[in-house]
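Colleague: The following block contains the structure, expressed as structure tokens.
Derivation of every value follows stated rules applied to the coordinates shown; laboratory data play no part. Only a predicted model underlies this, so the values are computations on that prediction, with no experimental measurement involved. Don't worry about glycine lacking a Cβ; one is built from the backbone with ideal geometry, like all the others, and counts go over all protein chains shown.
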Amino acid sequence: MASFPPSTPLHLFLFFSISISISILPISESQQLQGVCGLEWDPALCSTSGKILIKGGTVVNAHHKEVADVYIQDGVIASVRPNIIVSDDVTILDATGKYVMPGGIDPHTHLAMEFMGTETIDDFFSGQAAALAGGTTMHIDFVIPVNGNLSAGFDLYMNKAKNSVMDYGFHMAVTKWDETVSEDMQIMVNEKGINSFKFFMAYKGSFMINDELLLQALERCKKLGALPMVHAENGDAVAEGQRKMIELGITGPKGHPLSRPPLLEGEATARAIRLARFVNTPLYVVHVMSIDATEEIAKAKMSGQKVIGEPVVSGLVLNDSWLWNPEFATAAQYVMSPPIRKSGHDKSLQAALSSGILQLVGTDHCTFTKTQKALGIDDFRKIPNGVNGIWTNLRYGLCANNKH
């Protein structure tokens, strides 16, 4: 039987058969909008009794689907079963012919992020509004430290998130390593509710840490019971690849994928996995974009190692042909790291997701305008890295996972 556990907070998304969608969302006291119950407001959803019955829809969870009713009381799912009988004070929504499923969770976003000399165009309000429109009802963003200071970064992002309209959580990026950062990590875990930390093996000269420091960071995560995450590309080799492209006169967006090919992602993924195995800690590899990285994750999982692989929507559904568009403004829109790969990598990622080699889908939503992207019009290294997608995560993730 398809079921959501009783007392599950309400995060439901309805798919209409004619492609119209309604989000039914909880509004916490700190997030209330006067007279509004969701992004697409429907008076029927504002039950004065706090009781709602979603009737006759196809209820879907991770492993099963069936036609059933969903009874909600005071924003909590109280029962999921066929033919629920309710009293007259319950608001009834007819979901016949529609899918009823948990709202999507995007585990990888960057809202209001300062990066490469500018700031992403989506803040917590506009980014979350887009997410809700697509059925994503919760996301996890990355706190970027202030000059390496984790606590200052956390305070900054709490302020950035004041205009939030939906649930969110935080990972913490670690952009340098010293004893102060190590102590701050314990504060994040014990006092701030953050238990996942991202380390960069790329972006030489800014975010990148070397293997010695990565080992110390993995050890610290193990001691704290926190989950280490890695951006896996060989930063030294990428820097050399970029230098070669510029030397050859390749300054446009196509220089981006040429300078950081899949084997550099595969190498760094393998290295991170082996270091995590040496330390004996789980590992989360963010934005897996290539066959090379996927194969390393598959080998590790087959050996019994705890490795989580996260593909993103852009890698699952796009290929690098866009990066070769002769119009800079078009090609630059698709610049992200690791890069979107050649055709074939996308299908392989879909198959790995469907088979369980890769476990979950993020978006790495990190949006810049054409004007911002033009900062790198004469040098692809200066194009702000990032693509959009926060509103696509649920639908494209489901599609990619079901193609196989």
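Colleague: From the P(r) of the stretch 120-279, can you give the percent of Cα pairs sitting at distances over 24 Å? Show your work: numbers first, answer last.
Modeller: Values: 5782 of 12720 pairs.
Within the stretch 120-279, distances greater than 24 Å cover 45 percent of Cα pairs.
Colleague: Hey, another quick one. In bins 5 Å wide, starting from 0, what share of all Cα pairs of the stretch 76-141 does each bin hold, as a percent?
Modeller: 3, 12, 17, 16, 12, 11, 10, 7, 5, 3, 2, 1
Colleague: Run down the lysines and flag those whose C-alpha is under 18 Å from the C-alpha of LYS373, throwing out any fewer than 8 positions away in its chain.
Modeller: LYS254, LYS382
Colleague: Express in whole angstrom the spacing between the alpha-carbon centres of the stretch 303-375 and the stretch 134-198.
Modeller: Here the two parts' Cα centres lie 24 Å apart.
Colleague: What share of the DSSP beta bridges in the stretch 48-179 is antiparallel, in percent to the nearest 5?
Modeller: 50 percent
Colleague: In a Debye calculation with equal point scatterers on the alpha-carbon sites of the stretch 180-250 and no solvent, what is log10 I(q)/I(0) at q = 0.25, 0.27, 0.28 Å⁻¹?
Modeller: Scattering profile of the stretch 180-250, log10 relative to I(0): -1.08, -1.18, -1.22.
Colleague: Now, a different point. What does the charge add up to near TRP177, with Lys and Arg as +1, Asp and Glu as -1, over the other residues with Cβ less than 14 Å from its Cβ?
Modeller: Values: positive: LYS176, LYS198, ARG220; negative: ASP178, GLU179, GLU183, ASP184, ASP211, GLU212, GLU219.
Residues near TRP177 contribute -4 overall.
Colleague: Could you give each residue of the stretch 207-223 its phi-based ³J(HN,Hα) in whole Hz, using Karplus coefficients 6.51, -1.76, 1.60 with θ = phi - 60°, and x for Gly or Pro?
Modeller: 8, 5, 10, 7, 5, 4, 6, 4, 4, 4, 5, 5, 4, 5, 4, 4, 5
Colleague: Along Cα→Cβ, 7 Å out, is where each label goes; now give me the distance between the ones at LYS65 and ASN147 in nm to one decimal.
Modeller: Distance between the two pseudo-spin positions: 5.4 nm.
Colleague: Now a separate question. Calculate, axis by axis, the spread of Cα positions in the stretch 299-396 along the three principal axes, and write the results as whole Å, longest axis first.
Modeller: Here the spans come out as 46, 24, 21 Å, largest first.
Colleague: What does the net charge come to around HIS256 if you take all other residues with beta carbon closer than 10 Å to its beta carbon, with K and R at +1 and D and E at -1?
Modeller: Once positives and negatives cancel, what remains is +2.
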